[in-house]
1. Over 22 Å between C-alpha atoms is what I'm after, so list which of Lys78/Lys115; Lys115/Lys139; Lys30/Lys67 land there.
2. In whole Hz, with x marking every Gly and Pro, tabulate ³J(HN,Hα) for segment 91-102 from phi via Karplus 6.51 cos²θ - 1.76 cosθ + 1.60, θ = phi - 60°.
3. Write out the GluC sites (Glu not before Pro) in segment 25-126 meeting two conditions: DSSP loop, and at most 14 other Cβ atoms within 10 Å of their Cβ.
4. List the residues, sorted by chain then number, that are 5 or more residues from Tyr116 or on another chain and whose placed amide H is less than 5 Å from its amide H.
5. Among Thr101, Thr121, what is the fewest-to-most ranking by other Cβ atoms within 10 Å?
6. What does the charge count around Asp110 come to, taking other residues whose C-beta lies under 12 Å from its C-beta (Lys +1, Arg +1, Asp -1, Glu -1)?
7. Just to confirm a number: summing +1 for Lys and Arg and -1 for Asp and Glu over residues other than Cys100 whose beta-carbon lies under 12 angstrom from that of Cys100, what do you get?
Amino acid sequence: MSTEVVGPVAGRKLGSRIMWSRAKRLAAAKGISVAEARNLLKENPEALANIEYSQAVLNEKESELRKVYPYIVKGSIKFHVSGVHKNKMTVEITCQWPGCTETREVATSDLHQVKYCETHTREARLARRREKWAQANPKKDKPVVVKASKKKAKKVKEEASA
Ligand SMILES: [Zn+2]
């Protein structure tokens, strides 16, 4: 088990090990034999996902998440078996920017870092940069674009090292 194999052999071994554990889980969940579960997974690769992420499980997960992120749209949780969010759960969130009512689909694994729609995510990023700039330059009152300040920082560095 612990011997390390690289290359295509490792991939095959890992693949069959995953297949085996998936079949075992499905067999346990459905009360069928592992061989039956393997056949079922061959015919319907999503069979296990459909059991593990049944609507009841998803609803429970969503209400847990809504305790931490109350701006999750109720009833929006989904588990994806294909597409960009393959094997991930997503929810819709309402943008937390004051006055904005846009919703956005977010993978549940990204909830800790996304709370605005795409427009306001950019807006918030700019605001953070301006604030940082203001802190670094307390005497000047006009924020400059970030590119310029980067250039300036580079110039200062170059002058220092020259
Ligand atoms: Zn917004």
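Each reported figure results from applying straightforward, stated rules to the coordinates on display, with no laboratory input. All values reported here derive from a predicted model rather than from experimental measurement. Don't worry about glycine lacking a Cβ; one is built from the backbone with ideal geometry, like all the others, and counts go over all protein chains shown.
1. Over 22 Å apart, Cα to Cα: Lys115/Lys139; Lys30/Lys67.
2. Whole-Hz 3J(HN,Hα) from phi for segment 91-102: 9, 9, 10, 8, 3, 8, 6, x, x, 8, 10, 4.
3. Here the sparse-neighbourhood loop sites are Glu46, Glu102.
4. Gln96
5. Working: Thr101 8, Thr121 16.
Going from least to most buried by this count: Thr101, Thr121.
6. Every neighbour counted, the sum reads +2.
7. Every neighbour counted, the sum reads -1.
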